[in-house]
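The next block holds one structure in the form of structure tokens; read it before the comments.
The values are calculated or read from the model by the stated rules, or taken from the named source; none is laboratory data. This is a predicted model, so every value here is computed, not measured. Every residue, glycine as well, gets a Cβ built from its backbone with ideal geometry; the counts of neighbours run over all protein chains shown.
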Amino acid sequence: MNIILVGNANVGKSVIFNALTRSYVTVSNYPGTTVDISKGIAKLGLQNFTVYDTPGINSLIVHSEDEKVTRDILSKSDITCVVQVADSKNLKRSLVLTLELIELGLPLVLNLNMSDEAKERGISIDIKKLSQKLGIDIVETVAVTGEGIPKLKEAISRAKTTQPPKGFTVFSSDEIASLRKKNQKIEELLRDILRISKPKAKSASEFIGALTVSPISGIPILIVVLFIMYLFVGRLAAVWGVDFFENKIFGQYINPFLGGIIDKFIPIPIVKEFLMGQYGIISMAVTYAFAIIFPIVTAFFLFFGILEDSGYLPRLSVLSDKVFRIIGLNGRAILPMVLGLGCGTMATLTSRILETKKERILVSIILTLAIPCSAQLGVIMAMLSQFSLRAFLLWFSTILFVIITIGFLSSRLVPGKRSPFIQELPPMRFPQIANIIVKTGARLKWYLKEAVPLFILGTFILFVSDKIGLLNLIERVLSPFIVVWLHLPKETTAAFIIGFLRRDYGAAGLYQLARAGVLDKIQIFVSLIVITLFVPCIAQFFVTVKERGLKVALMIAGFVFLFAFLAGGLLNHLLRYLILVKGIAVL
């Protein structure tokens, strides 16, 4: 009893999925691929159905892994209904896929989403006539507000197969002839059912949308957005939220309570230390994961959801296109970059949206080198909040300078060309709170499932390394880099080691050292630059191996390791000269 959602990219499939299932139940890779598939349960009438949210595709004539996965899912024998989610403003593009789905002979419902935007642009679609010509139910929706969802559910419950228009064959052995036939049939359909009148006066959302893509107004808007993110994630969550969870919830209640139980019922010293010692599973892993990282990633995911649902992210790609040209990329590269602020592993997978091998390698280099994940970024903001805004701007400027400089040099060394930039802009919308909460809940579920176990694994490795003397050996080996070159205390070595398992975990270790007064202001700032530029977490490294190959992944990781310590050392000596010798208030 399966319902399959298909459609072009950016037509609102995920919002329809949320409306049908009310939650993300499972998000996982399709077997044998790195393509994410969302799967949930929808109740229609008295029956439960499994709903699949498939990757965006343009045609069932496959050219990519995403399209192949969608076609494989459509080959299932137990499909109750295929729901094609289409953009009402771009009906011509959507009908290409519609005709192919009809040819497959599957029970089909055409969902014309974003119908309000089409009407605002003066686009009128004769739904009744189009339904008669195609022989399928067609339902208009505005998914973000829930308008039309009840009618869509009714249409799904009565979905039936249909026959393709007379004399029409989609999957011809001659692709060019097939494409010509499709276009001819679509033009005939559109002449009968589509009317375009003079659009309404420019709306407030269109006016705001235009401001966000103009360099004159768009750059100040971007600065304001970043500043709001700094206040929301770096101040509200990373200072007040972390203080509440770490000092109140864990410091006064959870850890003392669990510590008392362990003291009472577990007499073995090494087990006690394993659970509540310096590298204890409860005192370190659980406390870091829930008291420090969890409030921060929650705030970031909420903020990212607002940017996503508002339509701002595609406009950011247009605004950033000229900058990305400098480093051999186009504006589309901003999407994996922004996703990298959520999770570098996920962003590395998303780099497949870029068309050329050169672009994908360049993005992998930048993601590995200079894009902190949400949890790491939140901890960094929490540490920077101890300084003035000037320190945050200096950190941001340093990272931006590294991205542009290394990107520019890499684009000259990596062979290949930059692909042309074409970006469709959805209208600006007021984000729907319910949708943002659902998305945030799904991402937090991913955090609990994927990240927390790595925190525990990392703590276990630290505990064992400390007991067998390996940690002390590594500290001695890295001492020339850590103590002499970076002027950091040797205790920071453990944070950098664990940073390979989880970069946010390494940042949390530095945060604890700063809170304990082990680091001075210069050391805090230098350690933040190094941990930002440090090697990727192990999960991102393995995904880079899968996507780019072992040789490229090792070259990227080796370069990043050396560059992070080189840049950190140079910055350390520069800051000490300016602050201690010249007396300039840099921080």
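So which of Gly280, Gly260 is small (Gly, Ala, Ser) and surrounded by fewer than 20 Cβ atoms within 10 Å (Cβ to Cβ)?
Gly260
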(request) Sort out which residues of the range 295-330 are under 17 Å from Leu231 (Cα atoms) and either in contact with a Ser or Thr (Cβ under 6 Å, 6 or more places away or on another chain) or crowded, with 22+ Cβ neighbours inside 10 Å (or both), and write them in order of number. (result) Pro295, Ile296, Val297, Ala299, Phe300, Phe301, Leu302, Phe304, Gly305
(request) Identify all residues within the range 413-435 that are buried (at least 16 other Cβ atoms within 10 Å of the Cβ) and under 14 Å from Arg22 (Cβ atoms); write none if there are none. (result) Gln432, Asn435
(message) Being out of contact with any strand residue (DSSP E or B) (no Cβ under 8 Å at 6 or more places or on another chain) and farther than 21 Å from Gly218 by Cβ is true for just one of Ser410, Ser397. Which residue is that?
(response) Ser410
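Restricting to helices (runs of 4 or more DSSP H) lying wholly in the range 236-325: which have 1 or more residues that are touching a residue at least 60 places away in the same chain (Cβ under 8 Å)? It would help to see each step written out before you state the result.
On the way: elements: 255-265, 269-276, 294-310.
Fully inside the range 236-325 and qualifying: 269-276, 294-310.
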(request) Would you please list the contacts, defined by Cβ atoms under 6 Å and residues six or more apart or on different chains, that run from a residue in the range 557-584 that is in the same structural domain as Ile529 (by TED's automatic domain parsing) to a residue that is among the polar types (S, T, N, Q)? (result) Val560/Thr368
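Conditions tested, residue by residue: (1) modelled with pLDDT of 90 or more; (2) of a type in the set (Phe, Trp, Tyr).
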| residue | (1), (2) |
| --- | --- |
| Val242 | no, no |
| Phe274 | yes, yes |
| Val286 | no, no |
| Phe290 | no, yes |
| Ala299 | no, no |
| Glu308 | no, no |
| Ile334 | no, no |
(message) Between Gln386, Gln376, which is buried (at least 22 other Cβ atoms within 10 Å of the Cβ), assigned by TED's automatic domain parsing to the domain that holds Phe496 and not hydrophobic (A, V, I, L, M, F, W, C)?
(response) Gln376
(message) Could you check the range 61-116 and list, in sequence order, the residues that are within 18 Å of Leu189 (Cβ to Cβ), touching a residue at least 40 places away in the same chain (Cβ under 8 Å) and within 28 Å of the chain's Cα centre (by Cα)?
(response) Gln84, Ala86, Asp87, Ser88, Asn90, Arg93, Ser94, Leu97, Asn111
(request) Could you list all residues from the range 523-582 that are surrounded by 16 or more Cβ atoms within 10 Å (Cβ to Cβ) and not in a helix (DSSP H, G or I)? (result) Phe534, Val535, Pro536, Cys537
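Looking only at the range 129-147, which residues are among the aliphatic types (A, V, I, L, M) and out of contact with any Gly (no Cβ under 9 Å at 6 or more places or on another chain)?
Step one: of the range 129-147, the residues among the aliphatic types (A, V, I, L, M) are 130, 134, 136, 138-139, 142-144.
Listed by number, the residues that qualify are Leu130, Leu134, Ile136, Ile138.
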(request) Those residues that are surrounded by 24 or more Cβ atoms within 10 Å (Cβ to Cβ) and polar (S, T, N, Q), I need them from the range 331-367; list them, please. (result) Thr348, Ser351, Ser364
(request) Return the residue satisfying two criteria in turn: it lies in the range 507-522 and is part of a loop (DSSP other than H, G, I, E, B) and at negative phi, and of such residues it is surrounded by the most Cβ atoms within 10 Å (Cβ to Cβ). (result) Leu519
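Check whether at least one residue in the range 498-506 is closer than 29 Å to Ile270 by Cβ, modelled with pLDDT of 80 or more and within 25 Å of the chain's Cα centre (by Cα), and report yes or no.
yes
This table checks each residue for (1) modelled with pLDDT of 75 or more; (2) closer than 30 Å to Val225 by Cα; (3) not in a helix (DSSP H, G or I); (4) not aliphatic (A, V, I, L, M).
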position: Ile156; (1), (2), (3), (4): yes, no, no, no
position: Thr169; (1), (2), (3), (4): no, no, yes, yes
position: Arg180; (1), (2), (3), (4): no, no, no, yes
position: Leu189; (1), (2), (3), (4): yes, no, no, no
position: Asp192; (1), (2), (3), (4): yes, no, no, yes
position: Leu211; (1), (2), (3), (4): yes, yes, no, no
(request) Give just the number: which of (1) over 26 Å from Thr298 (Cβ atoms); (2) in contact (Cβ under 8 Å) with a residue 12 or more places away in the chain; (3) under 21 Å from the mean Cα position of the chain (by Cα) does Ile531 not satisfy? (result) (1)
(message) So in the range 55-88, with the set limited to residues that are hydroxyl-bearing (Ser, Thr, Tyr) and modelled with pLDDT of 85 or more, which one is surrounded by the most Cβ atoms within 10 Å (Cβ to Cβ)?
(response) Ser88
